[in-house]
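Structure first, then comments.
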There are 2 protein chains.
Amino acid sequence: MRVEELGEFPLIDRLARVLSRHGVSPRVPAAKSGYELLISIGDDAAAWKAPAGLQVFTTDTMVEDIHFERRYTSWTDLGWKALAVNLSDVAAMGCMPLYGVVTLGLPPDTPVEGLEEMYEAMAQETEQHGVGIVGGDIVRSPVFFVTIALLGYSQTGTLLTRSGAKAGDQVAVTGHVGCSAGGLRTLSVELTLDPETKGHLAAAHSRPMARIAEGKLLAEHGVRCAIDLSDGLADDLGKVCVMSGVSAVLYANRVPADGFLKQAFPKEWLSLALGGGEDYELLFTAPPRIMERACANLPTSATVIGEIVSGPPGVEVLDAKGRPVSLAKGGWDHFPR
Amino acid sequence: MRVEELGEFPLIDRLARVLSRHGVSPRVPAAKSGYELLISIGDDAAAWKAPAGLQVFTTDTMVEDIHFERRYTSWTDLGWKALAVNLSDVAAMGCMPLYGVVTLGLPPDTPVEGLEEMYEAMAQETEQHGVGIVGGDIVRSPVFFVTIALLGYSQTGTLLTRSGAKAGDQVAVTGHVGCSAGGLRTLSVELTLDPETKGHLAAAHSRPMARIAEGKLLAEHGVRCAIDLSDGLADDLGKVCVMSGVSAVLYANRVPADGFLKQAFPKEWLSLALGGGEDYELLFTAPPRIMERACANLPTSATVIGEIVSGPPGVEVLDAKGRPVSLAKGGWDHFPR
């Protein structure tokens, strides 16, 4: 059934039902967060009782044929990723996600069943993280887009910021980088890869896992500076440098790329790892003693890949012999000149 | 200059500067609200210290050629209205607006100067209401759209909801209705109207004033049920009936339409007033004693136009002689069948 056959308000009802089946809207864990949801989907606004504390607020959008192509992206993956990129921003602040509102811009021929699949994936993800989808807006649009705005709160009373890096800090990153960019390439170009490699890379691109637990643990262990990797490792580290007024050195041979990526792209893996983007890992900096303790306590591997030094904002990448590595391109710009 | 000539990050800087000139981002009135903004535009998320209390969360979108046409809508009006419709949702909950994030979907040829005008209007409006635009997302899109998500808080400790109407309540509305729909018609159809009438109607459509002070006063005076008029008076009252499980009677001869509307549309003013939509007035219900006191204390006129009765959800419109008035169409649906 197409959206135009169903109508706006019955569509809202159907999508709200998908969420309710997962107990998403009413079931925000008040006991843990101290928040108590009073009003969810259906009124002029959602409403809740909040305890005193730190809150964070972010928004991220995916537009068809800009951020994703329908032929490579299932509805399930789209729903997952649209929420994951927002969760990742909250994780990068060291916070827990709480309430989200979802805006859908829909061409009239959008299949209702596709949107239900999308909401099913979002519902599973919200259930995992104790998030409530508490409202939104559904509008007609010539192009499909989904915007999520997400509120989070701090359980630790401290935040991770882009401006917290200091000379002498080490630079580390969670998990592996580059697989998402490799995955995008395997989706859009015909490559002769074994199914396991292809599946691994595609999943890294389509199903990023926001590092919520990691962000919280970093804040708990005294880390004060982080960013999530959306535009590419080197580029995102550059943003930290600008915001912190520091310089960074990155050791290319320490950058954690996994075997799947290296096998699939033996010549390009490093450039995919440094510049690929959409990894949604956390990049963070801290003095060595804090770094050691923090990394030891994460549920995910974390690798020290560089250091923060005094100097004008910028990132220098060095190879194993200490020679500068030149980067092809600096991160994702929606309007590159 | 076009957006594609400037690039994404310089554009964010320029728009953030427009907001800073109005002191918008840092200047959220902590003293009054108890909120203290810690991090604004530029990090993974905005962050603030919040006191304990009730919060509300809403989002609204405007898509080019769906919600507005560029030839009838200046950049200034677009910025104003995109924020006003969100402010209005917060007003309809009896709350004060606090922090917003703005998503812009931009075709590459969007003029930067237009966006600056748009932000100038938003900055003026945020200044008026003590709102901080604390972040957002700028993405490439084949169609222009603007989505705002807005957080608000209650100063009174009570909310206005759509589900609070009870049999025996009176139904009232702030200000006048129908001018916005009349204004849309004067913008899109050549009508021989005097400039004052035309200007009045056009302004009602392009520059709605969110009823923030009124919403708060209603909550303070014991009103518990409200909705803001976006889809049309009769239709929005119908939503209150559904959410409250009640029926409503509306007296057509009491509906407040002003002289400009009646003069410009002598035959159609009532249908514009009942079904036109986009008035962004508050419709509210309360027992007669509360209603009388509340209406007397508003800075804006408010008119009792009907009553809530027991019965299946629905709205009956009666003329001066008590005869039913049939309504042409029931409100705005983005995907009408």
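With a threshold of 20 Å on the Cα-Cα distance, the over-threshold entries among B:LYS49/B:LYS81; A:LYS49/A:LYS81; B:LYS198/B:LYS239; A:LYS32/A:LYS216 are B:LYS49/B:LYS81; A:LYS49/A:LYS81; B:LYS198/B:LYS239.
Provide, as a two-decimal number, the C-alpha radius of gyration of the stretch B:170-318 over 2.2 N^0.38 Å, N being how many residues it has.
Numbers: Rg = 15.2 Å, N = 149, 2.2 N^0.38 = 14.7 Å.
Output field value: 1.03.
Here the stretch B:137-188 has an Rg and Dmax of 18.6, 52 Å, counting Cα atoms alone.
Measuring from each Cβ of chain A to the axis that turns chain A onto chain B, the shortest distance belongs to A:ALA149, 2 (residue, then whole Å). The mean number of Cβ atoms from other chains found within 10 Å of a Cβ in peptide B:4-10 is 4, as a whole number.
Looking only at the protein assembly as shown, where both bridge partners belong to it, what percent of the DSSP beta bridges are antiparallel (to the nearest 5)? Don't skip to the end; give the middle numbers.
On the way: 90 of 120 bridges.
Percentage antiparallel, nearest 5: 75.
3J(HN,Hα) along the stretch B:276-293: x, x, 6, 7, 6, 8, 9, 9, 9, 10, 6, x, x, 5, 5, 4, 4, 5 Hz, from the Karplus curve 6.51 cos²θ - 1.76 cosθ + 1.60 with θ = phi - 60°, whole Hz, x for Gly and Pro. Close amide H partners of B:THR110, meaning residues 5 or more places away or on another chain with modelled amide H under 5 Å apart, are B:VAL3, B:GLU4. Using the Stokes-Einstein relation with a Kirkwood hydrodynamic radius computed over Cα pairs, the translational diffusion coefficient of the stretch B:7-153 at 10 °C and a viscosity of 1.306 mPa s comes to 103 µm²/s. Averaged across A:145-153, how many Cβ atoms of other chains sit within 10 Å of each residue's Cβ atom? That average works out to 6. Taking the alpha carbon gyration tensor of the protein assembly as shown, multiplying each eigenvalue by 5 and rooting it gives semi-axes of 47, 25, 23 Å, largest first.
Label-to-label distance for A:GLU292 and A:MET1 is 6.2 nm, based on points extended 7 Å past Cα in the beta-carbon direction.
Per-residue Karplus couplings for the stretch A:190-202, computed as 6.51 cos²θ - 1.76 cosθ + 1.60 with θ equal to phi - 60°, are listed in order as 6, 10, 8, 10, 5, x, 5, 4, 4, x, 5, 5, 4 Hz, Gly and Pro entered as x. Taking 20 Å as the straight-line reach from the Cα of A:LYS166, the aspartates and glutamates in range (excluding those fewer than 8 positions away in the same chain) are A:GLU220, A:ASP228, A:ASP235, A:ASP236, A:GLU292, A:GLU307, A:GLU316, B:ASP43, B:ASP44.
How many percent of all Cα-Cα pairs in the stretch B:104-182 sit more than 20 Å apart? Before the final figure, lay out the partial values.
Details: 1871 of 3081 pairs.
So the portion of pairs separated by more than 20 Å is 61 percent.
Summary for A:VAL242: label point 7 Å along Cα→Cβ; distances to the equivalent points in the other copies, ascending, 4.5 nm.
Taking each residue in B:129-139, count the Cβ atoms of any other chain within 10 Å of its Cβ, then average. What number comes out?
For this peptide, the per-residue mean of nearby foreign Cβ atoms is 4.
Using the Karplus relation 6.51 cos²θ - 1.76 cosθ + 1.60 with θ = phi - 60°, the per-residue 3J(HN,Hα) values for the stretch A:230-240 come to 10, 9, x, 3, 5, 5, 5, 5, x, 5, 4 Hz, with x marking Gly and Pro. When you work out D = kT/(6 pi eta Rh) for chain A at 37 °C and 0.692 mPa s, using the Kirkwood radius from C-alpha pairs as Rh and the Stokes-Einstein form, the result is 158 µm²/s.
Taking Cα atoms only, the orientation of helix A:112-129 departs from the longest principal axis of chain A by about 60 degrees. Its alpha carbons considered, the stretch B:63-134 gives a radius of gyration followed by a Dmax of 12.7, 40 Å. Less than 5 angstrom separates the built amide H of A:GLY306 from those of A:VAL171, A:TYR251, all sequence-distant by 5 or more or on a different chain.
Each reported figure results from applying straightforward, stated rules to the coordinates on display, with no laboratory input. All values reported here derive from a predicted model rather than from experimental measurement. Neighbour counts run over all protein chains shown; Cβ positions are idealised from the backbone, glycine included.
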